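Notes for the one structure printed next.
The values are calculated or read from the model by the stated rules, or taken from the named source; none is laboratory data. All values reported here derive from a predicted model rather than from experimental measurement. Ideal geometry is used to build each Cβ from the backbone, glycine not excepted, and the neighbour counts take in all protein chains shown.
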Amino acid sequence: MTPMKTDPVILALCCHYCAYAAADLAGAMRLQYPSNVRVLRFPCTGKVEPNYILTAFEQGVDGVIVAGCLEGGCHFLEGNLRARRRVERVKELMQEAGLEPERLEMYNLSSADGPRFAEIVTEMSQRLKKLGPSPLRTDAAAAAPASEKTTPQTPPVSAGGAE
């Protein structure tokens, strides 16, 4: 394991009602935490599919945090429980593929857990620094803007109709 020369890239997949609100609260409280986290809001973590997590790693992130409502407090009843099962399955797949499952973690937060969100991001950043860069990460993938990481556009169709 090679120590990281730069800050690890972390993607936080957060539910709208609790975890995203906690991340927003951490910012509003001006809490200090690493700026290397990118927050993506979902209506519910139950909508987080395993391929979203795996694609994030393929695109060059070093770690993924899935953060949902407190267990028993999901606004969509059982979405966070479904997400927990999916995260555990993805961790198994990562282990089988030779990627450290410690690069993925699920947390349950309330909307008032701004300080806990900052703590989670800090802990994950420290963990990833110890693990080193993701073996799937290339310097070009990590440095490229998101617009360059998407699949190529299909060629434009000519206005003249069928040829």
Kindly indicate whether any position in segment 63-86 is more than 18 Å from H16 (Cβ to Cβ), part of a helix (DSSP H, G or I) and under 11 Å from the mean Cα position of the chain (by Cα).
no
Name the single residue that is farthest from the chain's Cα centre (by Cα) among those in segment 90-121 being closer than 14 Å to L13 by Cβ and hydrophobic (A, V, I, L, M, F, W, C).
L109
Could you count how many residues in segment 1-36 are in contact (Cβ under 8 Å) with a residue 60 or more places away in the chain, closer than 18 Å to T138 by Cα and either under 16 Å from the mean Cα position of the chain (by Cα) or buried (at least 16 other Cβ atoms within 10 Å of the Cβ) (or both)?
6
Being under 21 Å from G114 (Cα atoms), in contact with a Cys (Cβ under 9 Å, 6 or more places away or on another chain) and among the aromatic types (F, W, Y), is that true of even one residue in segment 72-81?
no
Selection within segment 105-118 - surrounded by fewer than 23 Cβ atoms within 10 Å (Cβ to Cβ) and either of a type in the set (A, V, I, L, M, F, W, C) or not in a strand (DSSP E or B) (or both):
M106, S110, S111, A112, D113, G114, P115, R116, A118
Against the definition (surrounded by 14 or more Cβ atoms within 10 Å (Cβ to Cβ), hydrophobic (A, V, I, L, M, F, W, C) and at pLDDT 95 or above), how does L40 come out, yes or no?
no
